[in-house]
1. With respect to the numbered conditions (1) exposed (fewer than 14 other Cβ atoms within 10 Å of the Cβ); (2) in a strand (DSSP E or B), which one is the sole condition not fulfilled by residue 159?
2. Filter region 135-156 down to the residues that are outside any loop (DSSP other than H, G, I, E, B) and farther than 13 Å from residue 228 by Cβ and list them by number.
3. Looking at (1) at pLDDT below 85; (2) surrounded by 14 or more Cβ atoms within 10 Å (Cβ to Cβ); (3) assigned to a loop (DSSP other than H, G, I, E, B), can you tell me which one residue 60 breaks?
4. Just to check your reading of the model, which residue among 234, 251, 187 is over 18 Å from residue 164 (Cβ atoms), modelled with pLDDT under 85 and buried (at least 19 other Cβ atoms within 10 Å of the Cβ)?
5. Does residue 173 qualify as being outside any strand (DSSP E or B), at pLDDT 90 or above and out of contact with any helix residue (DSSP H, G or I) (no Cβ under 6 Å at 6 or more places or on another chain)?
6. Can you tell me which condition residue 167 does not meet? The list is (1) under 19 Å from the mean Cα position of the chain (by Cα); (2) at pLDDT below 90; (3) surrounded by 18 or more Cβ atoms within 10 Å (Cβ to Cβ), and all the others hold.
7. Would you call residue 49 part of a loop (DSSP other than H, G, I, E, B), out of contact with any helix residue (DSSP H, G or I) (no Cβ under 9 Å at 6 or more places or on another chain), closer than 21 Å to residue 128 by Cβ and at pLDDT 50 or above?
8. Taking region 193-231 only, how many residues are closer than 23 Å to residue 157 by Cβ and modelled with pLDDT of 80 or more?
């Protein structure tokens with residue numbers, strides 16, 4: 001059975017060398033539905049797991065730590081308040097994964113759970129895949145205070161690190177921070193208030209670090225700043241609506 005959940009196609013065509021934004025992806029308009037494609041996983045890929053219980057939808061973000069084609073996909077166990085969650089074998093998920101320049105969706109379930117030597121899940125290897133294409137995203141320059149938490153379970157980085165959002169689109173954003181936020185491909189959570197139509201909307205946005213200057217650079221306006229390009233990881237519908245509204249308002253203001 002093919003998946004009807006929304007997934008995204010991302011094209012690598014932004015000239016990141018010309019901007020501190022470092023954002024290599026541009027979104028394109030939905031043009032069709034494809035299935036039967038072979039997906040190549042990579043260790044470190046960020047994966048979104050979603051399941052529905054009654055009227056409640058829950059989504060978790062994990063990392064791929066291994067796989068055996070046609071057998072199983074091994075991922076970190078989702079955490080709630082820093083504690084590994086418990087899932088029964090056979091638990092069903094809809095999964096979404098950004099791989100290269102495409103985002104895929106597939107159905108899977110828990111094959112086996114383990115707590116040793118660290119918590120992880122074996123998931124059923126996907127037999128069928130689907131992905132869609134969405135419209136091009138525009139970036140709007142901003143100067144918004146936010147905080148970023150690195151979701152690395154080892155806790156190497158400071159939680160709720162103060163940052164400034166330098167520009168934003170429906171695909172991702174650029175931030176600057178006086179402290180390092182993480183490494184490329186690290187999963188992070190952005191906490192920010194966005195004002196849309198005069199209403200403040202508090203958002204908790206999952207993202208992955210795609211590009212960064214990992215140490216202070218004298219060529220930047222502030223040589224003590226670290227700057228990162230963050231890519232959103234398959235947001236919920238409400239988050240997408242807020243982002244579209246916010247970005248569109250910022251772009252309109254630039255024209256007036």
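The values are calculated or read from the model by the stated rules, or taken from the named source; none is laboratory data. If you're wondering where the values come from, they're calculated on a predicted model, not measured in any experiment. Every residue, glycine as well, gets a Cβ built from its backbone with ideal geometry; the counts of neighbours run over all protein chains shown.
1. Of everything listed in (1) exposed (fewer than 14 other Cβ atoms within 10 Å of the Cβ); (2) in a strand (DSSP E or B), residue 159 misses just condition (2).
2. 140, 141, 142, 143, 144, 145, 147, 149 - these are the residues of region 135-156 that are outside any loop (DSSP other than H, G, I, E, B) and farther than 13 Å from residue 228 by Cβ.
3. Condition (3) is where residue 60 drops out.
4. One residue alone meets the criteria, 234.
5. no
6. For residue 167, the failing item is (2).
7. Values: part of a loop (DSSP other than H, G, I, E, B): no; out of contact with any helix residue (DSSP H, G or I) (no Cβ under 9 Å at 6 or more places or on another chain): yes; closer than 21 Å to residue 128 by Cβ: yes; at pLDDT 50 or above: yes.
Against the criterion (part of a loop (DSSP other than H, G, I, E, B), out of contact with any helix residue (DSSP H, G or I) (no Cβ under 9 Å at 6 or more places or on another chain), closer than 21 Å to residue 128 by Cβ and at pLDDT 50 or above), residue 49 does not qualify.
8. Final tally of qualifying residues: 19.
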